[in-house]
Amino acid sequence: MAIKIKKIFFVILIILCVITSASCSKNENTVKTVPKKSETESATSISLKTLEGIDVSSFNGKIDWKAVKNDKIKFAMIRIGGRGYGENGAIYQDKYALYNLKHAQKENIKTGVYFFSQATSDAEAKEEAKFVTKMLGNIEISLPIAYDVEKIKNDTSRIENVSYKESVRYAKVFMKTI
């Protein structure tokens, strides 16, 4: 199953809570800094372009994407789903993922998605990637698919005993499967 993407396709490994749940108010935006090199700059001289964006999930409820656009938000990373903490680690769809993708894109906000992983094996990482591609189907996104791995403070999760090295391996499996 192919995914149509407007730009070059990337998969990002996000370890130890790089993406956090933001509430969509302007003062709680995620900031993404992107190196941008003009044709006249040398290889060692890079200017930076900063874009404001948000990370959203069902925890944010239904989002007023017109208000987000009016706050000059340029991109949104949308949780498409995740894997639960329980022993069986059931995969779930974020209940607002498709709504958020559709309505953010309607407002010309660049979109990417992320999957909240609790994988404890290569097979589970592969299963998570297949879930993401199935959910996206023919939906076009303009930003990367991110793999979100978080060890949860003050709570137990399936990945408490998963090492950094194992998490990286699972991310690579996810990436290759995507």
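The values are calculated or read from the model by the stated rules, or taken from the named source; none is laboratory data. What you see is a predicted model, and the numbers here were worked out from it, not measured in a lab. All Cβ positions, even for glycine, are placed from backbone atoms using ideal geometry, and neighbour counts span all protein chains on display. Heads up: the accessible areas ignore ligands, DNA and RNA and are worked out on the full protein's heavy atoms, side chains in. Shrake-Rupley method; radii C 1.70, N 1.55, O 1.52, S 1.80 Å.
Here the condition is being at pLDDT below 95, acidic (Asp, Glu) and within 18 Å of the chain's Cα centre (by Cα); of Glu87, Glu150, Glu160, Glu128, it holds for Glu150 alone. For the range 110-138, a residue qualifies if it is open to solvent by 10 Å² or more (accessible area, probe 1.4 Å) and without any contact (Cβ under 8 Å) to a residue 60 or more places away in the chain, and the qualifying residues are Lys110, Phe116, Thr120, Ser121, Asp122, Ala123, Glu124, Lys126, Glu127, Lys130, Phe131, Met135. One residue alone among Ala125, Ala146 is of a type outside the set (Phe, Trp, Tyr) and part of a strand (DSSP E or B), and that residue is Ala146. Within the range 50-86, the set of residues being open to solvent by 50 Å² or more (accessible area, probe 1.4 Å) and under 13 Å from Ala97 (Cβ atoms) comprises Phe59, Lys62. Looking across the range 153-168 at every residue that is within 21 Å of Glu87 (Cα to Cα) and assigned to a helix (DSSP H, G or I), the one that is least open to solvent (accessible area, probe 1.4 Å) is identified as Ser167. When the test is whether a residue is under 20 Å from Leu136 (Cα atoms) and at pLDDT 95 or above, Lys110 passes it.
When you check Leu98 against the structure, is it of a type outside the set (Gly, Ala, Ser), more than 25 Å from Asp155 (Cβ to Cβ) and either surrounded by 19 or more Cβ atoms within 10 Å (Cβ to Cβ) or at pLDDT below 95 (or both), yes or no? Against the criterion (of a type outside the set (Gly, Ala, Ser), more than 25 Å from Asp155 (Cβ to Cβ) and either surrounded by 19 or more Cβ atoms within 10 Å (Cβ to Cβ) or at pLDDT below 95 (or both)), Leu98 does not qualify. Considered as a group, the residues in the range 102-122 that are part of a helix (DSSP H, G or I) and either in contact with a strand residue (DSSP E or B) (Cβ under 9 Å, 6 or more places away or on another chain) or among the small types (Gly, Ala, Ser) (or both) include one that is farthest from Lys62 (Cα to Cα), and that residue is Gln105. In a residue-by-residue description of the range 88-97, the property of being closer than 22 Å to Gly61 by Cβ, of a type outside the set (A, V, I, L, M, F, W, C) and out of contact with any strand residue (DSSP E or B) (no Cβ under 7 Å at 6 or more places or on another chain) applies to at least one position.
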